[in-house]
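Asker: Supplied in structure tokens, the structure appears directly below.
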Amino acid sequence: MERQLTSWYSPSLNKEMPIASYGHYGFALLLIPTAAADYLEYERFQLIDSLAPFIEAGRIKVFSIDSINNESWMNNNMHPRDKAVRHQQWNSYVYNEVVPFIRNNTSNDTLIYTCGASFGALHSANLFFKRPDIINGCLAMSGVYDLSEYTKGYFDDDVYFNSPMHYLPNLTDDTILQQIRASHHIHIVTGSGAYEDPDANRKFGGVLYNKGIWYELDIWGTEWKHDWPTWRAMLPHYLGAKFM
């Protein structure tokens, strides 16, 4: 499969930010790392290998970026307000730098879907729900969608507006709601095994339902725990069954 690594100095984050891409054609799948991991995490844990049939067939082109969670929500040495500011800078990096990079490496009308597991699931969902004008949907695996789970009691407007469980119930902007509702790919998937939280996913599904947003909630059994074998099974299953 075609694989390219590149980077640029991000004006949003004031640091060099690498990105990996896999494939030559197809819709764009933007992978958001788990926890404090990096842009090659999905490759190291063989998730990219599990997607190889779709990539090599030209059905998807995968882009994988760095998180900065270790410079924000997962950095215990930072003041919570600074964590929130840093996270907003990361959002700007994705919207103002990564999305144009994807467009330049595919086409202006290429569909872009965000995807992530664990903390990456929250970020992938949040990125879509905040900007459905430039991102077309999300596939979120094994997530919780309440950012306050990660903020250790801190709460401000930046936490609120990056926590889908908080801001979606109160979203009234009809333009944004119609853009969200137009998506055919809002997939909320989780296992029920060790360290999974299916109830959090059910609650988030209820929020979407109450806003008239089409979504798919799929809760796998207790044999599926919060770990890479689960995500290596989930992602190719959904790409093959729902996107192709």
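The values are calculated or read from the model by the stated rules, or taken from the named source; none is laboratory data. From a predicted model like this one, the values you see are computed outputs, not experimental measurements. Note that each Cβ is placed from the backbone with ideal geometry, even for glycine, and that neighbours are counted across all protein chains shown.
Asker: If I ask for residues that are in a helix (DSSP H, G or I) and either polar (S, T, N, Q) or at positive phi (or both), which ones from the stretch 221-244 would you list?
Answerer: T230
Asker: Can you tell me which residue in the stretch 40-68 is surrounded by the fewest Cβ atoms within 10 Å (Cβ to Cβ), limited to those that are in a helix (DSSP H, G or I) and more than 17 Å from the chain's Cα centre (by Cα)?
Answerer: Here the residue is R44.
Asker: Next up: Among L127, L122, L139, which is of a type in the set (A, V, I, L, M, F, W, C) and more than 20 Å from F243 (Cα to Cα)?
Answerer: Testing whether each residue is of a type in the set (A, V, I, L, M, F, W, C) and more than 20 Å from F243 (Cα to Cα) leaves just L122.
Asker: Tell me, yes or no, whether the stretch 201-210 has at least one residue that is over 18 Å from G137 (Cβ atoms), in contact (Cβ under 8 Å) with a residue 24 or more places away in the chain and of a type in the set (V, I, T).
Answerer: No; the residues of the stretch 201-210 include none that is over 18 Å from G137 (Cβ atoms), in contact (Cβ under 8 Å) with a residue 24 or more places away in the chain and of a type in the set (V, I, T).
Asker: Step by step: first the residues of the stretch 1-23, then only those that are within 21 Å of the chain's Cα centre (by Cα) and of a type in the set (S, T, Y), then the one that is surrounded by the most Cβ atoms within 10 Å (Cβ to Cβ). Which residue is that?
Answerer: Y22
Asker: Now, a different point. Checking the condition buried (at least 16 other Cβ atoms within 10 Å of the Cβ), of a type in the set (D, E) and out of contact with any Lys or Arg (no Cβ under 9 Å at 6 or more places or on another chain), which residue from D197, D174 passes?
Answerer: One residue alone meets the criteria, D197.
Asker: What is the one condition in (1) under 21 Å from M234 (Cβ atoms); (2) at pLDDT 95 or above that A37 does not satisfy?
Answerer: (2)
Asker: Next up: If T106 passes every condition in (1) within 20 Å of L13 (Cβ to Cβ); (2) among the β-branched types (V, I, T); (3) crowded, with 19+ Cβ neighbours inside 10 Å but one, which one does it miss?
Answerer: Answer for T106: the failing condition is (1).
Asker: Give the stretch 83-119 a look and list any residue that's closer than 13 Å to F63 by Cα, part of a loop (DSSP other than H, G, I, E, B) and under 16 Å from the mean Cα position of the chain (by Cα), or say none.
Answerer: Passing the criteria: only L111.
Asker: Filter the stretch 180-195 down to residues that are in contact with a helix residue (DSSP H, G or I) (Cβ under 8 Å, 6 or more places away or on another chain) and assigned to a loop (DSSP other than H, G, I, E, B) and give me whichever is farthest from T222 (Cα to Cα).
Answerer: Among those residues, the one meeting the criterion is S183.
Asker: Right, something else. For the stretch 37-64, how many residues are within 18 Å of M17 (Cα to Cα) and in contact with a Leu (Cβ under 7 Å, 6 or more places away or on another chain)?
Answerer: Residues flagged as within 18 Å of M17 (Cα to Cα) and in contact with a Leu (Cβ under 7 Å, 6 or more places away or on another chain) within the stretch 37-64 amount to 4.
Asker: Is it the case that D218 is without any contact (Cβ under 8 Å) to a residue 40 or more places away in the chain and assigned to a strand (DSSP E or B)?
Answerer: In short, yes.
Asker: If a residue must be over 17 Å from W90 (Cα atoms) and crowded, with 17+ Cβ neighbours inside 10 Å, how many such residues does the stretch 146-166 contain?
Answerer: Matching residues across the stretch 146-166 total 3.
Asker: Sticking with this structure for a sec: Go through the stretch 71-85 and report how many residues are touching a residue at least 24 places away in the same chain (Cβ under 8 Å) and either among the acidic types (D, E) or buried (at least 20 other Cβ atoms within 10 Å of the Cβ) (or both).
Answerer: Of the residues in the stretch 71-85, 3 are touching a residue at least 24 places away in the same chain (Cβ under 8 Å) and either among the acidic types (D, E) or buried (at least 20 other Cβ atoms within 10 Å of the Cβ) (or both).
Asker: Next question, about the same structure. Within the stretch 126-184, track down each residue that is β-branched (V, I, T) and either in contact with a Cys (Cβ under 7 Å, 6 or more places away or on another chain) or touching a residue at least 12 places away in the same chain (Cβ under 8 Å) (or both).
Answerer: The answer is I134, I135, V144, T151, V159, I176, I180.
Asker: While we're looking at this one, here's another question. Which residue out of L177, L168 is assigned to a helix (DSSP H, G or I), at pLDDT 95 or above, among the aliphatic types (A, V, I, L, M) and over 18 Å from the mean Cα position of the chain (by Cα)?
Answerer: Just one listed residue meets the conditions, L177.
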